[in-house]
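The values are calculated or read from the model by the stated rules, or taken from the named source; none is laboratory data. Bear in mind that the values here come from a model prediction, so they are computed numbers and not experimental data. Note that each Cβ is placed from the backbone with ideal geometry, even for glycine, and that neighbours are counted across all protein chains shown. Just so you know, the surface numbers come from the protein's heavy atoms only, side chains and all, with ligands and any DNA or RNA stripped out. Shrake-Rupley method; radii C 1.70, N 1.55, O 1.52, S 1.80 Å.
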Amino acid sequence: MEDNLLIKGGEFLVKEINPEDIFIPEEFDEEQRMIGQTCQDFLETEVFPNLDRIDAQEKGLMRELLMKTGELGLLAISIPEEYEGFGQSFVTSMYASEILGAGYSYAVAYSCHTGIGTLPILYYGNDEQKQKYIPKLASGEWAGAYCLTEPGAGSDANSGTTKAVLSEDESEYILNGQKMWITNGGFADVFTVFAKIDNDRVLSAFIVERTFPGISFNPEEKKMGIKGSSTCQIFFNDCRVPVGNLLGKRGEGFRIALNILHMGRIKLGGNVVGAAKKTINDSVTYANERKQFNCLISEFGAIKYKLAEQVIRTFVTESTVYRASKDLDNAIQYYINKGEDKGRDTMEAFNQFGIEAAALKVFGSEALDYVVDEAVQIHGGMGYSAEMNVDRAYRDSRINRIFEGTNEINRLLVSDTIMKRGAKGEIPLMDEAQKVFDEIPALEEEDFEDKDYFEKNNNYVRNFKKVALMLMKAASEKFARKLIMEQEILNNLSDIIMLLYGAESTLFRVKKLESIKGETFELYQKILEVFIYDAAHMIKKLGLDAIYSFAYGDVRDLLLKGLDHYTAIAPVNVKEARRNIADHLISENRYCF
Ligand SMILES: Cc1cc2nc3c(=O)[nH]c(=O)nc-3n(C[C@H](O)[C@H](O)[C@H](O)COP(=O)(O)OP(=O)(O)OC[C@H]3O[C@@H](n4cnc5c(N)ncnc54)[C@H](O)[C@@H]3O)c2cc1C
């Protein structure tokens with residue numbers, strides 16, 4: 001993967017992909033597994049025994065934990081060796097994010113520090129800035145944070161009013177303004193702060209140290225969850241920042257902010273997988289201990305349904321997370337080989353995969369919300385008790401739908417960005433959509449029975465893509481530029497795209513695992529079958545919602561015919577399949593897929 005880009009961001013919708021080309025978590029090598037084990041050991045010894053102390057924000061504890069993480073080398077996984085890091089791949093850093101993602105508030109501090117707290121400087125800093133800050137951030141000597149949000153500028157982040165003006169002697173920028181909801185704000189040593197220079201319409205970025213004069217902090221916010229994560233409001237009152245601390249070029253701040261957020265969203269996908277696996281473990285061990293009506297509650301079909309569904313959504317999220325991460329690693333390599341500035345080229349790759357990043361963020365955070373919600377339910381009254389971990393998991397999960405861009409913003413981004421790339425000719429969206437329109441009139445009922453397993457499921461996924469393509473084309477023709485105002489329809493499209501991306505990633509993973517055969521492989525097949533069955537029915541409903549919202553007459557008839565055909569699938573005994581998945585989980589008494 002040195003000379004050409006195997007797949008561009010968003011291209012999964014129109015390109016035939018070879019399952020062999022995707023990465024699956026079963027392919028981690030020994031070194032990656034050792035890093036994963038170090039993360040797990042750290043959680044077991046330093047985080048899980050101290051959860052109450054962490055949530056009480058015991059003074060200095062989170063800072064100390066980050067320091068210890070640094071001593072183990074876990075803050076430096078993907079930092080290049082020239083800045084005292086280990087130069088590992090993005091996939092490896094994702095694996096660490098997954099395992100540490102089970103660490104409740106600690107996971108938020110870790111993610112913030114290693115992601116949005118460190119990477120703006122690593123990717124956009126000049127040599128001097130990188131030499132000064134990155135080794136300290138990589139070792140944990142310093143902690144990092146990222147200051148974009150303001151009281152009046154949340155989702156509309158570019159509307160911030162924090163202002164920077166050059167001092168008379170031109171040696172410093174003088175910052176005035178206010179930032180809020182800043183993770184790690186209570187203890188971070190270095191902040192990437194976004195502000196507008198003079199009367200610029202766009203943001204610039206600055207590296208600000210905690211000790212610079214004119215910076216002050218409000219007390220910790222009181223929050224619904226992630227109570228151990230530090231979150232502060234920060235004030236800049238004639239805060240003096242050396243001119244050498246302008247990050248990137250003047251006016252480049254919004255681009256930096258967005259590209260860093262793409263990366264943060266993919267990382268969040270990894271975090272939620274770790275959190276979900278931990279919560280499934282808590283759910284199944286409780287279900288295997290609690291007796292009612294003279295039997296363990298894990299023997300009830302209603303509980304098995306929940307356990308199986310927790311597994312399915314987690315497995316699918318995991319499949320998408322590692323597929324996208326490796327695609328991204330390939331893209332990083334491709335852009336670095338082509339370009340001259342490693343940092344900016346890496347960011348170009350993140351920008352390329354903004355669609356997948358938004359999809360992982362939304363799909364993953366909603367999967368975790370399902371997992372934690374049903375975990376509380378499986379625990380009954382004990383789930384509502386503050387003495388169990390599931391209450392913490394339930395509260396901590398909720399933030400994932402809000403930060404790193406809300407799910408509303410990210411959901412819109414998925415379909416809107418794909419269509420924009422199509423309109424620019426970067427991916428042949430409309431040509432492929434036209435082919436779908438051309439074939440609809442002659443479609444006839446399909447016989448699924450005589451197809452081989454992989455071919456049949458591949459065909460379903462191909463058909464789901466056709467639903468997305470035909471609806472995108474019909475909606476674009478109907479609304480043209482005004483489609484952006486039709487958020488409900490864009491949301492229908494995005495949900496269809498996320499479902500088919502999940503289905504295809506899981507299908508390819510199962511295909512790659514064909515060689516292992518046996519009982520475990522059969523369970524993977526069941527996960528796939530239930531997910532594809534659900535996806536087909538959900539896509540049908542989403543498609544109907546969209547079609548009835550804007551299409552009339554012959555166009556509507558054509559779209560309905562296409563939708564019926566492309567969402568038709570053979571019957572699946574989902575009850576039995578879910579029971580098989582749950583039974584395996586119950587017998588192992590831990591997540592084991
Ligand atoms: C615990 C926590 C930690 C955080 N950490 C950081 C951090 O480290 N650094 C940082 O810079 N920020 C951080 N944030 C801020 C976070 O990113 C913002 O809260 C988030 O982007 C949403 O902004 P907002 O709160 O102003 O909500 P708003 O933008 O006011 O949104 C309110 C509602 O309106 C919806 N909405 C807004 N615009 C649209 C639209 N165009 N179309 C449809 N719906 C829309 C939103 O989706 C949401 O449902 C953190 C927030 C929290 C709560």
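Does Ile256 satisfy the criteria of being within 16 Å of the ligand (Cβ to nearest atom), within 23 Å of Glu150 (Cβ to Cβ) and touching a helix residue (DSSP H, G or I) at 6+ places or on another chain (Cβ under 6 Å)? Step through it out loud before you land on a result.
Details: within 16 Å of the ligand (Cβ to nearest atom): yes; within 23 Å of Glu150 (Cβ to Cβ): yes; touching a helix residue (DSSP H, G or I) at 6+ places or on another chain (Cβ under 6 Å): yes.
Criteria met by Ile256.
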Lone qualifier among Lys326, Lys361 - being open to solvent by 10 Å² or more (accessible area, probe 1.4 Å), part of a helix (DSSP H, G or I) and either at pLDDT below 95 or not small (Gly, Ala, Ser) (or both): Lys326
Among the residues of region 165-180, are any within 9 Å of the ligand (Cβ to nearest atom), over 13 Å from Asn237 (Cα atoms) and in a strand (DSSP E or B)? yes
Residue pairs meeting the criteria (Cβ under 7 Å; at least 6 apart or on separate chains; first more than 18 Å from Gly117 (Cα to Cα), in region 191-217; second open to solvent by less than 50 Å² (accessible area, probe 1.4 Å) and of a type in the set (Phe, Trp, Tyr)): Gly214/Phe236
Within region 64-74, does at least one residue satisfy the condition of being at pLDDT 95 or above, surrounded by 16 or more Cβ atoms within 10 Å (Cβ to Cβ), within 30 Å of Arg462 (Cβ to Cβ) and among the hydrophobic types (A, V, I, L, M, F, W, C)? no
Among the residues of region 539-561 satisfying the criterion of being open to solvent by less than 60 Å² (accessible area, probe 1.4 Å) and touching a Ser or Thr at 6+ places or on another chain (Cβ under 8 Å), which is farthest from Pro441 (Cα to Cα)? Ile539
Those residues that are in contact (Cβ under 8 Å) with a residue 24 or more places away in the chain, part of a loop (DSSP other than H, G, I, E, B) and more than 15 Å from the ligand (Cβ to nearest atom), I need them from region 118-146; list them, please. Gly125, Gly140, Glu141, Trp142
Starting from region 393-415, take each residue that is more than 15 Å from Leu368 (Cα to Cα) and outside any helix (DSSP H, G or I) and list its partners that are open to solvent by less than 70 Å² (accessible area, probe 1.4 Å) and near the ligand (Cβ under 10 Å from one of its atoms), counting only C-beta distances under 7 angstrom and pairs at least six apart or across chains. Glu404/Leu261; Glu404/Gly264; Gly405/Leu261
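Looking at Thr149, Thr161, which one is in contact with a strand residue (DSSP E or B) (Cβ under 8 Å, 6 or more places away or on another chain), open to solvent by 50 Å² or more (accessible area, probe 1.4 Å), within 16 Å of the ligand (Cβ to nearest atom) and free of Cβ contacts under 8 Å to residues at least 60 places away in the same chain?
Numbers: Thr149 fails: open to solvent by 50 Å² or more (accessible area, probe 1.4 Å).
Criteria check complete, one pass: Thr161.
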Quick test for you: out of Ile418, Ile427, Ile489, Ile440, pick the one residue that is open to solvent by less than 70 Å² (accessible area, probe 1.4 Å), in contact (Cβ under 8 Å) with a residue 60 or more places away in the chain, among the β-branched types (Val, Ile, Thr) and not in a helix (DSSP H, G or I). Ile427
Scanning region 384-406 residue by residue, those of a type in the set (Phe, Trp, Tyr) and either over 16 Å from Ser230 (Cα atoms) or more than 12 Å from the ligand (Cβ to nearest atom) (or both) turn out to be Tyr384, Tyr394
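Identify, from the list Lys541, Lys575, the residue that is in a helix (DSSP H, G or I), of a type outside the set (Val, Ile, Thr) and under 29 Å from the mean Cα position of the chain (by Cα). Give the derivation first.
On the way: Lys575 fails: under 29 Å from the mean Cα position of the chain (by Cα).
On inspection, the qualifying residue turns out to be Lys541.
For region 181-194, which positions are in a strand (DSSP E or B) and more than 12 Å from the ligand (Cβ to nearest atom)? Give the steps one after another, and end with the answer.
First, the residues of region 181-194 that are in a strand (DSSP E or B): 181-183, 190-194.
Result: Val190, single match.
Right, Lys227: touching a residue at least 24 places away in the same chain (Cβ under 8 Å) and closer than 23 Å to Gly101 by Cα or not?
Details: touching a residue at least 24 places away in the same chain (Cβ under 8 Å): yes; closer than 23 Å to Gly101 by Cα: yes.
Yes: the conditions hold for Lys227.
Before we move on, is Lys451 away from the ligand (no atom under 16 Å from the Cβ), open to solvent by 30 Å² or more (accessible area, probe 1.4 Å) and part of a helix (DSSP H, G or I)? Walk me through it before giving the result.
Values: away from the ligand (no atom under 16 Å from the Cβ): yes; open to solvent by 30 Å² or more (accessible area, probe 1.4 Å): yes; part of a helix (DSSP H, G or I): no.
No; evaluated as a whole, the condition is false for this residue.
Just to verify a result, which residue in region 195-241, among those that are of a type in the set (Ser, Thr, Tyr) and open to solvent by 40 Å² or more (accessible area, probe 1.4 Å), is nearest to the ligand (Cβ to nearest atom)? Even if it seems obvious, please write down each step before you answer.
Of all residues in region 195-241, those of a type in the set (Ser, Thr, Tyr) come to 204, 211, 216, 229-231.
From what is left, the residues that are open to solvent by 40 Å² or more (accessible area, probe 1.4 Å) are 211, 216.
Numbers: Thr211: 20, Ser216: 17 Å.
Taking the candidates together, the pick is Ser216.
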Tabulated pairs, region 341-357, first among the acidic types (Asp, Glu), second part of a helix (DSSP H, G or I), C-beta under 7 angstrom, 6+ apart or interchain: Asp345/Tyr335; Asp345/Ile336; Glu348/Tyr335; Glu356/Ala324
